[in-house]
1. Please go through (1) in contact with a strand residue (DSSP E or B) (Cβ under 8 Å, 6 or more places away or on another chain); (2) open to solvent by 10 Å² or more (accessible area, probe 1.4 Å); (3) closer than 27 Å to F209 by Cα for A20 and return the number of the only condition it doesn't satisfy.
2. Any residue that is among the acidic types (D, E) and touching a strand residue (DSSP E or B) at 6+ places or on another chain (Cβ under 9 Å) - is there at least one of those in the stretch 77-88?
3. Can you find a residue that is within 16 Å of G126 (Cβ to Cβ) and over 18 Å from the mean Cα position of the chain (by Cα) anywhere in the stretch 169-178?
4. Could you count how many residues in the stretch 88-111 are over 15 Å from the mean Cα position of the chain (by Cα) and either touching a residue at least 40 places away in the same chain (Cβ under 8 Å) or closer than 16 Å to L12 by Cβ (or both)?
5. Within the stretch 142-155, is there a residue that is at pLDDT below 95 and under 17 Å from the mean Cα position of the chain (by Cα)?
6. Taking the condition touching a residue at least 60 places away in the same chain (Cβ under 8 Å), more than 22 Å from K182 (Cβ to Cβ) and surrounded by fewer than 19 Cβ atoms within 10 Å (Cβ to Cβ), does G51 pass?
Amino acid sequence: MTKFKTWDGLELSYRVWDGAGVPVVLQHGVVADTGANWIGMGVVRALQAAGHTVVSLDARGHGRSEKPHDPARYSWAAMAKDVRALYDELGLDEVVQVGYSMGGVISLLVTAADPRVEKLAVGGIGSGVIDCGGIDRRVIDVEDLQAAMTGDGSAAPPVARMFRILADTVHADIDAIRAVAKGLDEEPIKTLDGITVPALVLAGAADPFAAEPERLAAALPDGRAVVVPGDHLMAVADPAFSAALVDFLKS
């Protein structure tokens, strides 16, 4: 992976797989990283097989990027600016922006603000974007995620402990993830009016975080929803997820 300094001086890691056409930029979900969300789940392999240039960013606090423990270093706006800073770093004029869960919300913010995005695909989110302004707080609250990253995480509700299991599996910095959760204690999506590009909403059939994906797709001027097998952690690993993404990029 390659590192660069983003807009506020943090050192972030990214990886590029060379191919053809408009680069596909991937932003992973909370706790995960490029390896866990995109490589291990087969998404990068599927995009490479289809001939695409692929770029993946480890968000601040995650993976091989810098991991401050100060919640003030984390916000939705900061993470969206990081993605756009990576566009600048690589000199990208046109991109397809793809995000999952936390990365899906970030990708919505990036697409609304940056004319370089030609297409958008998000997964792991649904009507929570419309009803809660971002991550579906009817399923999990940021305090629950903070509790999961405190001590052994046993005080957190089961849905939040799932993220602690993931954190331990990928050897995440739990103090940094707890700071991320505190920093993201806001509703970043006020309107989707700024998004005009073709958009794909991918949702696992058993994913409570991606409930009613058709409502999110309908709120986008040129959006469509595709439901694939799996829950929040495993929908992205189902071959139908990558197949739908590749098919969307062909259209």
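1. The failed condition is (3).
2. Within the stretch 77-88, one or more residues are among the acidic types (D, E) and touching a strand residue (DSSP E or B) at 6+ places or on another chain (Cβ under 9 Å).
3. No, that holds for no residue.
4. 6
5. yes
6. no
The values are calculated or read from the model by the stated rules, or taken from the named source; none is laboratory data. Model, not experiment: these values are computed from the prediction. Methodologically, a virtual Cβ is constructed for each residue, glycine included, from the backbone with ideal geometry; neighbour enumeration extends over all protein chains shown. Remember, those area values only see protein heavy atoms, side chains included, never the ligands or the DNA or RNA. Shrake-Rupley method; radii C 1.70, N 1.55, O 1.52, S 1.80 Å.
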